[in-house]
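The values are calculated or read from the model by the stated rules, or taken from the named source; none is laboratory data. Just so you know, these numbers come straight off a predicted model, no measurement behind them. Cβ placement follows ideal geometry from the backbone for every residue including glycine, while neighbour counts extend to all protein chains displayed.
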Amino acid sequence: MRKKSPLIIVLSLCLILLVSLTGCSSSSTAQNEKVTLILSTHENESSWWCQNILNPWVEETEKAGNGKLDIEVHYGGELVGIMDAYDAVVKGTVDMAEVFPSLVSGQFPLSDINTLASSNKVNYRPGTTYWELIEKFPEMQTEYSQVKLLGVGQFYEPYLGTVSKPIKTFSDMKGLQFLANGPASASRLKAWGATPANVPPSDLFSSLQKGVLQGTAVALLSFEGMGFGDAIKYLSHVNSDSTNLALIMNKDKFAGLPEDLQKVLTDAGLKFTQEHDEIQVNADPGFQQSVTEKYGVQFIDVPQAELEKFEASGAPVRNKLASELDKKGLPGTEVKNYFLELENKYSAAEYAPQK
């Protein structure tokens, strides 16, 4: 075997050292390089939700990234509309997005159960309830297998809003055209005597104003932003549908982040879930006063006996949905039972709005 000369050995060692140093330098740059993530929401930047929930969360998350993370928010569906937001994240068209699972056909069957809130009580932690269901049931985690789930929420909407006819009793629902937030919602509205109608979010206000709809479940945080003050005149205290939302991220984008930023986003997602509940629930008394003074909206306390009628008529719809999921090999009844258990827990006075 031919021996290498001392000069060749020295040159080879220098080359190895140079390559090693270059590699270390590149790795260090990758670790310290600032990451920019594109987040899409259909909400307008001026909306209460963005100003009080999303934007503060983004700022806190960036701060936790210690200068290594920038989240670039695009508002008002500028990059992608709410109907296509989920697919956009899956494909990587955007890095992150706020999505409504109910708008993704067939992807979130078990998640439908907790949108059918009990009508005879108010859950003050609806988003936390959804999160705890996902944590408990692997089958619900599978619903998000195409993306990285960061956090979830639900809109606090324990009101039925109507245009001209106040809902004072269960029988007042008969014949009214009400917005349905999916098949399960439509079935329950039918059980209540109402006529379900399906319109996209962008057409909701005009449908109420033109009389295509006579009512909808209402979250007061979006009352003014949706223009409801010019259409809805009555808000009855009846817990109805609750809309799930999720903050999701492209799986490959998340996997490609440094471990410290993965932890930042994971921790921030849990905080999003907790704050989404607390901020909007605690803001509700102020919203009630505001819409009353500004728009003359009348709030109606429906007697508990009437609320029990709503629940008695609607519960079979929830039970049927759970049973149908059982037949598909999914834990529908288990999810339903745990959901009702969590509802009972979070309807306690200790979780009610803090005045």
Residue 189 passes all but one of (1) surrounded by 15 or more Cβ atoms within 10 Å (Cβ to Cβ); (2) modelled with pLDDT under 95; (3) over 25 Å from residue 40 (Cα atoms); which number fails? (2)
Please enumerate the residues belonging to the range 184-239 that are assigned to a loop (DSSP other than H, G, I, E, B), under 23 Å from residue 82 (Cα atoms) and either out of contact with any Asp or Glu (no Cβ under 7 Å at 6 or more places or on another chain) or free of Cβ contacts under 8 Å to residues at least 60 places away in the same chain (or both). 198, 199, 200, 212, 213, 223, 224, 225, 226, 227
Among 109, 101, which is over 24 Å from residue 280 (Cβ atoms) and either modelled with pLDDT under 95 or touching a helix residue (DSSP H, G or I) at 6+ places or on another chain (Cβ under 8 Å) (or both)? 109
Do we have any residue at all in the range 88-96 that's surrounded by fewer than 20 Cβ atoms within 10 Å (Cβ to Cβ), over 30 Å from residue 306 (Cβ atoms) and out of contact with any strand residue (DSSP E or B) (no Cβ under 9 Å at 6 or more places or on another chain)? no
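State yes or no: is residue 352 at pLDDT below 95 and closer than 29 Å to residue 168 by Cβ?
yes
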Please go through the range 73-88 and give me each residue that is in contact with a helix residue (DSSP H, G or I) (Cβ under 9 Å, 6 or more places away or on another chain) and within 23 Å of residue 34 (Cα to Cα), ordered by number. 73, 75, 79
Looking only at the range 257-302, which residues are hydrophobic (A, V, I, L, M, F, W, C), surrounded by fewer than 16 Cβ atoms within 10 Å (Cβ to Cβ) and either under 30 Å from residue 169 (Cβ atoms) or in contact with a Lys or Arg (Cβ under 6 Å, 6 or more places away or on another chain) (or both)? 299
